[in-house]
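Rule-based calculations on the coordinates, nothing more; no lab input. Keep in mind that this is a model prediction, so the values were computed, not measured. For neighbour counting, all protein chains shown are included, and Cβ atoms are generated from backbone atoms with ideal geometry for every residue, glycine included.
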Amino acid sequence: MTEETEQNPKTRIWTSILPLFIFLGIAGASYSLLSTEGRNVSALPSALLDKPAPNLGVPELKGLSKAGKQIPGMTQDMFKDKISIVNVFASWCVPCRQEHPQIVELGNDSRLQMVGINHKDSNRNALGFLAELGNPYDVVGVDRSGRASIEWGVYGVPETFIVNHEGRIIYKHVGPVHARDLAQRLMPIIEDALQSANSSG
């Protein structure tokens, strides 16, 4: 029996199990990337962080009023000298319903400008959503095509941004804002932004 013949069984074994090792390596790497344990997945990095908020107009949600006046849509330069919370929402979005009590709580803070971007929704459904759950917004822009959401770098609905008094995005929260998120993540950043705005004024 030649040396080549003696090595063939070993070669065949390695050839058969090597794909298994490769698969297990890829699966392990994928699990590591996708695992959320110990990670703050709601605060995903954004190319817009510390950059000016998108300077674009978004039309109003017709029929949405507060104190008898139509609530305006988004306008250019609307973020100057204000601390703003920008919340991307839709009536068809189940997590938007889950987070809405926290968005309403933010809306009750008179120090903040609450801005809603209604994402790929119908006017009727959006109005029904806010009539049912309460309207926390001072401004609502209708983004039926999704273009405004793209400009804001939105991954999905809901998402929430904090914009400082200079009109810069200082925080992005992906997914629903839970009570714990509001208390431990958003409010400390908001308070710092308000303090910074007051000291610069």
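Structure above, values below:
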{"item": "Filter on Lys62/Lys172; Lys62/Lys120; Lys120/Lys172; Lys51/Lys82; Lys69/Lys172 - keep pairs with C-alpha separation over 22 Å", "result": "Lys62/Lys172; Lys69/Lys172"}
{"item": "Cα-projected label distance for Met187 with Leu133, points at 7 Å along beta-carbon direction, nm", "result": "2.1 nm"}
{"item": "Linear extension gain, Arg144 paired with Ser65, 0.36 nm per residue minus alpha-carbon span", "result": "26.5 nm"}
{"item": "Sites Arg180 and Ser110 - FRET efficiency at Förster radius 25 Å, r taken between beta-carbons, to 0.05", "result": "0.60"}
{"item": "Segment 138-174-segment 41-114 distance, computed between alpha-carbon centres (Å)", "result": "7 Å"}
{"item": "Modelled FRET efficiency - R0 25 Å, Glu151 with Asp81, Cβ distances, 0.05 increments", "result": "0.70"}
{"item": "Stokes-Einstein D in µm²/s, Kirkwood radius over Cα pairs - segment 82-201 at 10 °C with 1.306 mPa s viscosity", "result": "111 µm²/s"}
{"item": "Surrounding net charge for Met187, when Lys and Arg each add one and Asp and Glu each subtract one, Cβ distance under 12 Å", "result": "-2"}
